[in-house]
Protein chains: 2
Amino acid sequence: MNPADLTLYLVTDSDLCPPEKVPGVVEKAIRGGVTLVQLREKTASSREFYQRALAVKAVTQAYHVPLIINDRLDIALAVDADGLHIGQEDLPASVARRILGPDKLLGVSVSTVEEAMAAAQDGADHLGVGALFPTDTKEVDHLVDALAIRQIRQQSGLPLVGIGGIKASNMDVLRGSLADGVAVVSAIMCSHDPEAAARELGEAYRKAGVTDEI
Amino acid sequence: MNPADLTLYLVTDSDLCPPEKVPGVVEKAIRGGVTLVQLREKTASSREFYQRALAVKAVTQAYHVPLIINDRLDIALAVDADGLHIGQEDLPASVARRILGPDKLLGVSVSTVEEAMAAAQDGADHLGVGALFPTDTKEVDHLVDALAIRQIRQQSGLPLVGIGGIKASNMDVLRGSLADGVAVVSAIMCSHDPEAAARELGEAYRKAGVTDEI
C-alpha cells in the first residue's frame, strides 16, 4: 500500500461520543480535512466492534480515506480495513505484520527512539508518537516534546504523527518536530462541529512550523 | 481438521487462577484426561493474551491436545492455535470461518436450536451448549436441560458439549442429552488437584448415561 497521508489523523473514542454517532462525526471530520481514521473501541464486544467498524468503513470508503483499526487485528481482517494500529500492550508488530501481509498499513505507538527502531524493524509503516500532553482518553506514562519527535523521525526514518492532547490552540508544540501529521481524539470527537474543528486543526498544523529548525 | 475429541473440554479462567499458574493447571488437567483446552481471557491486554496463549500452547502441543482460543481470532492466528471458540457477542461465525480457513476448529456457543442451526450453516465444527446451571464465571441468560441439548444435537447434527456449572456431583444433568462431552471451568480451575478433578469428571461423564432415552 502507498504511504498514508497522515496530515490530520482522527482517532475515534466511543467514550467521548455515543457509538451510533461516530460514523456521522467521522464523515463531518473528513469533510473538514481528516486524512486518516483510526477506529478505537476499548469496551465493545467483538460483535459490537465489528459492526461499528463496518459502519465507519462505509463512510471512509465513500470518501477514499483509509480506515485503520486499533489493537484488534481480527476486526481489521473481518472488515477488510486498510490497516491496523497497535501499541506496546498489543500484539507484537512483527506478528501483526506477518498476519496482515505486506499490503495493509501498520502503525505503531511509540514514545522512545528504541521503540521506534524496533517498530521499523518489525514492519511498521508509520508511528504515533506521544503523549505530547497528558490526556483523559489514554493513560500516559511518557511525555514527549518536539525534539524527541524529531529524533524519532530522523533515526527511524518512518513517517509519524504526534498525539496526545493536541488542540488547535496548542499546535505549536509540534514546531520543529518534523512530524508528518497530527493525531487528535477529543479535539474532534468532543466538538459540536467536527467539520469546523477538523478544518481549524488542519490550518493550525500547517502554521505550526513543523519543519523549522530546533 | 479431524473432529476434536470433546469428551472432557477444559475452559480456562484467569479470574479463578492466577495467569502464571494456568499452564501448570492445564498440564495436570490433561494428565487427568482433558481432551481439549479453550483459553479464555476476558481482561488481558492483547499482548498478555498472546503471551499466555503461547505458554499454554507449549503444554497442549506437548500432549497433542488441541488448543482453542476464546473470542479472539487474532490471538488464534498469532499463536497458530488449533481453533477458535466464539459466542453470540463475538465475531459472526461465517466471518470467523472465512478468515480461519477450513483447517481450523471453530466452536460456537449456543443455547437454542435456532442458534445451533445458524452456527452449522456458518461453518461451526462443534457447539458449546448451555448454561446447564447458573455460574459465577459467565453471565447466564438462558438455561438448558438435557432435552434441549438432545434436540440441538439431533437437529444441528453437530457434535457438542454441555457447559455451565457442571461438576462431577451433578453430571447426571447430561443423562439422555446425547452430548459428545462436557465442558468445565471452575470444577478444574478452582481445584487444588486438577489432575484428580479431571479424572473424577471424566468418570462421572462416562457414568452419566448421555445416550439414554429421555
Check your understanding: With no solvent and one point per C-alpha, what does the Debye sum give as log10 I(q)/I(0) for the range A:61-214 at q = 0.09, 0.16 Å⁻¹?
Key -> -0.28, -0.91
Study note, to complete from the structure: For B:CYS190, inter-copy label-point distances (7 Å, Cα→Cβ), nm, shortest first, read 4.3
Check your understanding: Which whole-number percent is the relative contact order of the range A:6-206 (Cα, under 8 Å, 6+ apart)?
Key -> 24
Practice item. Show which aspartates and glutamates lie in cross-link reach of B:LYS207 when reach means a straight Cα distance below 17 angstrom and same-chain residues fewer than eight apart are skipped. Key: B:ASP172, B:ASP180
Point to revise | Neighbourhood net charge (12 Å Cβ-Cβ; Lys/Arg +1, Asp/Glu -1) for B:LYS21 | key: -1
Practice item. Report, in deg cm²/dmol and to the nearest 500, the calculated mean residue ellipticity at 222 nm for the protein assembly as shown, where each DSSP H run with n ≥ 4 adds -39500 (n - 2.57) and the sum is divided by the residue count. Key: -11000 deg cm²/dmol
**Study point:** Pairwise FRET efficiency - B:ASP141 versus B:THR211, Cβ, R0 = 30 Å, nearest 0.05
**Key:** 0.55
Practice item. Mind pulling up the Rg/Rh value for the range A:8-114? Radius of gyration and Kirkwood radius, both on Cα. Key: 0.95
Study note, to complete from the structure: Distance in Å, no decimals, from the C-alpha centre of the range B:128-168 to the one of the range A:171-214 is 54
Check your understanding: Which of B:LYS28, B:LYS42 comes first, and how do the rest follow, when ranked by fewest Cβ neighbours within 10 Å?
Key -> B:LYS42, B:LYS28
Exercise for review: Hand me the GluC sites (Glu not before Pro) from the range A:112-175 located in a DSSP loop with no more than 16 other Cβ atoms within 10 Å, in residue order please.
Suggested key: A:GLU139
Review point. Pairs B:LYS21/B:LYS57; A:LYS42/A:LYS104; A:LYS21/A:LYS42: which are spaced more than 18 Å apart, C-alpha to C-alpha?
Key: A:LYS42/A:LYS104
Review point. Hey, fewest Cβ within 10 Å first, where do A:HIS142, A:HIS85, A:HIS126 land in order?
Key: A:HIS142, A:HIS126, A:HIS85
**Study point:** Net charge over other residues, Cβ less than 13 angstrom from the Cβ of B:ASP122 (K, R count +1; D, E count -1)
**Key:** -2
Review point. Trypsin sites (Lys or Arg not before Pro), restricted to the range B:70-135: which are DSSP loop and have at most 10 other Cβ atoms within 10 Å?
Key: none
Practice item. Take the Cα coordinates of the protein assembly as shown, assign each an equal point scatterer, and use the Debye formula without solvent to give log10 I(q)/I(0) at q = 0.08 Å⁻¹. Key: -0.50
Revision key, fill the gap. Once Lys and Arg are counted +1 and Asp and Glu -1 for all other residues with Cβ under 9 Å from that of B:LEU36, the total becomes -2
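No lab work stands behind these numbers, since they all come straight from the coordinates. Just so it is clear, the structure is predicted and the values come from calculations on it, not from any experiment. Counting neighbours? That spans all protein chains shown, and the Cβs are built from the backbone with ideal geometry, glycine included.
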